[in-house]
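Written out below as structure tokens is the structure these notes cover.
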Amino acid sequence: MNKIKFVLFLLIVGFLFPSCEKNEDQPINVIDNSSLDLSKIPTEWINTAKANLHIAYGHTSHGSQLISGMTGLMNWEEGGGDLYKWNNGDMDGALDIRDQIMGGDLGHNGNLDWESSTRSLLDDDRNDDINVVIWSWCGGVSDNTEDGINIYLNAMNQLEIDYPDVKFVYMTGHLDGTGVEGNLHIRNEQIRKYCKDNNKFLYDFADIESYDPEGSYYLDKMANDACDYDSDDNGSRDKNWATDWQDSHVENVDWYNCYSAHSQPLNANRKAYAAWYLWASLAGWSGN
């Protein structure tokens, strides 16, 4: 009887704490608002990412926030400078990102042009060093359906099966002002659940722009991709959390100026910080 109780105890402990050991050597899979403190990423993992990753990135204007933010970070000496160097193509000492080597973005409602572009790219022997593929949405989540998102998720999963040596990064769609009840959020939640349930790499674009650097939440205040929000709950966006934060902080100390399509520099800053979390995680950093 004592042995039976002991076995039951072990089973209960295993159920309650299933991942305590695993988390020590597994990479961070979900990159979101909690993944923005560059000081937490060991330099060795930044350098490992630069040495080992060859990234193909497909996007249009909204997705360019990652790239313009990373360029600004690279040129911001006070914030790290050359440590965060990247280049469109392989170059010693820089992260290799083949920016827009695949045309377009993730499209709308089950369109799979991006998927055929991915296969064409990876089947070309000239690109046999590419080991990461990441695609961004433009407005294609806002008007999507459950079935359309499932087509995207299933296509990404099939690419992972067909190209096992390549890591594929999923993404949520940018904010559109429709809040927690809007179709965008519902579809983003669909993507998040799939990625968490199946241990996929997710760059949570929408979650990053739902919070300011102090942790204040704006999705429930009709926040949009420009960082405009409804401050007094009267149904009209009347303030901008990013410009307010920039105005109350020191440029080139707390934030850096850079281009940010449809938005504010601070938004692109934060997309860049999260991008380096992603690159380090893809290189094998566990977050410890």
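Coordinate-derived values only; no laboratory data. For clarity, every value in this text was computed on a predicted model and none was experimentally measured. Methodologically, a virtual Cβ is constructed for each residue, glycine included, from the backbone with ideal geometry; neighbour enumeration extends over all protein chains shown.
Near the amide H of residue 202, within less than 5 Å, lie the amide hydrogens of 30, 31, 170, all on another chain or at least 5 residues away, with H placed in the peptide plane. Per-peptide packing, taken as the mean over residues of other Cβ atoms within 10 Å, places 129-138, 43-52 in the sequence 129-138, 43-52 from highest down. Using Cα pairs under 8 angstrom and six or more residues apart, how large is the relative contact order of segment 27-282, in percent? Value for segment 27-282: 27 percent. Annotation: amide H-H contacts under 5 Å for residue 132 (H modelled 1.01 Å from N, sequence separation of 5 or more, or interchain): 54, 56, 167.
Over the residues of the chain, the helix contribution to mean residue ellipticity at 222 nm works out to -12000 deg cm²/dmol, using -39500 (n - 2.57) for each DSSP H run of at least 4. Relative to the current alpha-carbon distance between residue 239 and residue 90, full extension at 0.36 nm per residue lengthens the span by 49.5 nm. Ranking 72, 199, 211 by Cα position along the charge dipole of the chain, where only Lys, Arg, Asp and Glu carry charges on their C-beta atoms, puts 199 farthest toward the positive end. For the chain, the spread of Cα coordinates along the three principal axes comes to 68, 52, 41 Å, biggest extent given first. Ranked by how many other Cβ atoms sit within 10 Å of their own Cβ, fewest first, the residues 53, 266 fall in the order 53, 266. Between residue 51 and residue 250, the modelled label-to-label distance comes to 3.5 nm, taking each label 7 Å out from Cα in the direction of the beta carbon. For segment 98-109, putting each phi into the Karplus relation 6.51 cos²θ - 1.76 cosθ + 1.60 with θ = phi - 60° gives couplings of 7, 5, 6, 5, 10, x, x, 9, 7, x, 9, 6 Hz, in residue order, rounded to whole numbers and with x for Gly and Pro.
Label-to-label distance, residue 128 versus residue 61, with points set 7 angstrom from Cα along the beta-carbon direction: 4.0 nm. Pairwise Cα distances in segment 175-275 exceed 17 Å for 53 percent of all pairs.
Beta bridges assigned by DSSP with both partners in segment 27-282 are antiparallel in approximately 15 percent of cases.
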